[in-house]
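Okay, so here's the structure we're looking at.
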Amino acid sequence: MVRMIAYLKGILAEALPHQATVDVHGVGYLTHIPLTTFDRLPQPGAEVRLLTHYHVTEQDHKLFGFLTEDERDLFRLLMDRVSGVGPKMALSVLSGMPVAAFKDAVIQGDVKALARIKGVGGKTAERIVLELKDKVGVVDAWQASRSAKTSHDPVREAQSDAVLGLISLGYKQSEAQKAVNEITKQPGFDPASSADQIIRESLRSMN
């Protein structure tokens with residue numbers, strides 16, 4: 001798991017449906033992107049900022065780019081937490097379905113919707129639902145986050161986002177929720193704390 005390049009900010013030199021080249025001070029970085037990112041890229045020649053994931057294997061080094069944190073978080077979640085899913089499959093999932101629709105499908109256990117994504121198929125769709133629901137428990141965190149956003153409660157929203165952030169770092173939902181609960185119940189905790197602040201404090205307490 002390599003996280004050494006967090007983002008690229010530069011001029012979009014070239015954009016194709018599954019890859020984009022970003023010119024950063026004269027160096028062209030080729031990034032593999034999902035269609036959801038491609039659809040929202042500016043025209044070549046304009047400035048762009050892509051969040052990145054640097055993937056290294058013995059055979060290859062690849063840089064993946066995303067316009068939003070949600071896209072990158074889901075990409076990493078699929079690779080890190082669903083057996084048999086690598087970067088190519090994770091990119092296919094993002095290309096085949098918006099993040100919000102994917103979360104809805106997993107929450108509802110809609111295997112058929114996931115299986116319709118090119119390159120996924122029925123068995124992988126079943127595994128995605130099973131492992132994200134039962135092994136990781138991320139569905140509970142997604143539902144809590146959605147409820148907080150719907151109720152326009154910024155305090156609950158920050159705490160739910162913090163749980164999701166910890167899950168994306170490799171913690172199970174139960175572990176992440178427990179850590180966030182402990183932090184938010186401490187004397188002197190600022191209810192206006194951002195998700196990033198809560199994540200940092202939770203990591204300190206767990207380590």
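The values are calculated or read from the model by the stated rules, or taken from the named source; none is laboratory data. Model, not experiment: these values are computed from the prediction. With ideal geometry, Cβ positions are generated from the backbone for all residues, glycine too; neighbour counts draw on all protein chains shown.
Looking only at residues in region 175-189 that are among the charged types (D, E, K, R) and surrounded by 10 or more Cβ atoms within 10 Å (Cβ to Cβ), the one that is farthest from Val163 (Cα to Cα) is Glu182. When Asp60, Asp134 are checked against the criterion of being closer than 27 Å to Val180 by Cα, of a type in the set (Asp, Glu) and at pLDDT below 85, Asp134 stands alone in meeting it.
Pairs linking a residue in region 68-92 that is under 17 Å from Val120 (Cβ atoms) and at pLDDT below 90 to a residue that is part of a loop (DSSP other than H, G, I, E, B) and of a type in the set (Asp, Glu), with Cβ atoms under 9 Å and 6 or more positions apart or on different chains, do not occur. A single entry from Lys118, Lys123, Lys178 fulfils the requirement of being assigned by TED's automatic domain parsing to the domain that holds Asp80 and closer than 21 Å to Arg81 by Cβ: Lys123. Does region 145-163 include one or more residues that are small (Gly, Ala, Ser) and either within 20 Å of Ser83 (Cα to Cα) or in contact with a Leu (Cβ under 8 Å, 6 or more places away or on another chain) (or both)? Yes, there is a match, as at least one residue in region 145-163 is small (Gly, Ala, Ser) and either within 20 Å of Ser83 (Cα to Cα) or in contact with a Leu (Cβ under 8 Å, 6 or more places away or on another chain) (or both).
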